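Trainee: Can you keep this structure in mind? I'll have questions shortly.
The values are calculated or read from the model by the stated rules, or taken from the named source; none is laboratory data. Treat the numbers as computed from the prediction; the structure is a model and nothing was measured. Backbone-built Cβ (ideal geometry, glycine too); neighbour counts: all protein chains shown.
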Amino acid sequence: MKTGHWSKDMKQARPLKPLATVLAGIGLMGLVACAAGPAPSGAVPPALDPGQSVRALTTVSATGVQVYECRAVAGTTTPAWTFVAPEAELFDQRGRPVGRHGEGPYWQGLDGSRVVGSVRARADAPVPGAIPWLLLATRSTGSAGVLSPVSFIQRLHTEGGVAPTGGCDAASIGRQTRVGYRADYRLFIPA
């Protein structure tokens, strides 16, 4: 066992460090906790289960914005904020960048692999003010790589991203706004 590291088998804590290092670490953890927001809550609803023919590959987190545009709505004289696209960076479980998420919607890896999704099911987020959780079927549209075999994606543990409740009127048609959000995307491949 290496000194100063966690043992996967024993879950042994690190040896004592100087007080300044410990306090700096506590401060950093506090900043990370504030930036990450509340811990994910809620079990995945059965409607979002992709089935037995797939297995989970990995989960990536997304931090970015949901883009909305003020548009006229057919059959009414009142315009409304309409979803346009996500714009987000994707990160692995260690916080390292692994790709982008954008209009389509698409998920693109740093290796050029890319999938485009279509919504199959949705469920209200258990956190108020958060965009819905989704199940999306995907198809590969990029070069061969890590995302090529992905066939389903779940959007889970969402925070924020909901369209504004005001500020869209006849004088605002065509105006866009960006609303911050974060989510976890669980990627599935054939079993």
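Trainee: Across region 70-103, what is the total count of residues that are surrounded by 12 or more Cβ atoms within 10 Å (Cβ to Cβ), under 15 Å from the mean Cα position of the chain (by Cα) and either under 28 Å from GLY174 (Cβ atoms) or outside the structural domain of GLN176 (by TED's automatic domain parsing) (or both)?
Mentor: So the answer is 8.
Trainee: Could you tell me whether region 138-151 includes any residue that is assigned by TED's automatic domain parsing to the domain that holds ASP184, outside any loop (DSSP other than H, G, I, E, B) and touching a residue at least 40 places away in the same chain (Cβ under 8 Å)?
Mentor: no
Trainee: What are the pairs, 6+ residues apart or on separate chains, where a residue within region 173-191 that is over 15 Å from ARG155 (Cβ atoms) and in the same structural domain as VAL150 (by TED's automatic domain parsing) has its Cβ under 6 Å from a residue that is crowded, with 16+ Cβ neighbours inside 10 Å and of a type in the set (Phe, Trp, Tyr)?
Mentor: Going by the 6 Å Cβ cut-off, the qualifying pairs are THR177/TYR68.
Trainee: Considering only region 81-97, I want to know if a residue exists there that is closer than 23 Å to ALA47 by Cβ and not basic (Lys, Arg). Steps first, please.
Mentor: The first filter runs over region 81-97 and keeps only residues closer than 23 Å to ALA47 by Cβ, leaving 83, 86.
Restricting the remaining residues to those that are not basic (Lys, Arg) gives 83, 86.
There is at least one residue in region 81-97 that is closer than 23 Å to ALA47 by Cβ and not basic (Lys, Arg).
Trainee: So, one more: Within the set of pairs 6 or more residues apart or between chains, which connect a residue that is over 17 Å from SER151 (Cα atoms) inside region 120-134 to a residue that is of a type in the set (Ser, Thr, Tyr) and not in a strand (DSSP E or B) with Cβ atoms less than 9 Å apart?
Mentor: Once the first residue is over 17 Å from SER151 (Cα atoms) and sits in region 120-134, its partners that are of a type in the set (Ser, Thr, Tyr) and not in a strand (DSSP E or B) give PRO126/SER41; VAL127/SER41.
Yes or no, residue by residue, for (1) in contact (Cβ under 8 Å) with a residue 40 or more places away in the chain; (2) not hydrophobic (A, V, I, L, M, F, W, C):
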{"position": "GLU69", "(1), (2)": "yes, yes"}
{"position": "VAL73", "(1), (2)": "no, no"}
{"position": "GLU89", "(1), (2)": "no, yes"}
{"position": "ARG100", "(1), (2)": "no, yes"}
{"position": "GLY104", "(1), (2)": "no, yes"}
{"position": "GLN108", "(1), (2)": "no, yes"}
{"position": "SER113", "(1), (2)": "no, yes"}
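Trainee: Could you list, in sequence order, the residues of region 78-122 that are assigned to a strand (DSSP E or B) and among the aliphatic types (A, V, I, L, M)?
Mentor: ALA80, VAL84, ALA85, ALA88, LEU90, VAL98, VAL115, VAL116, VAL119, ALA121
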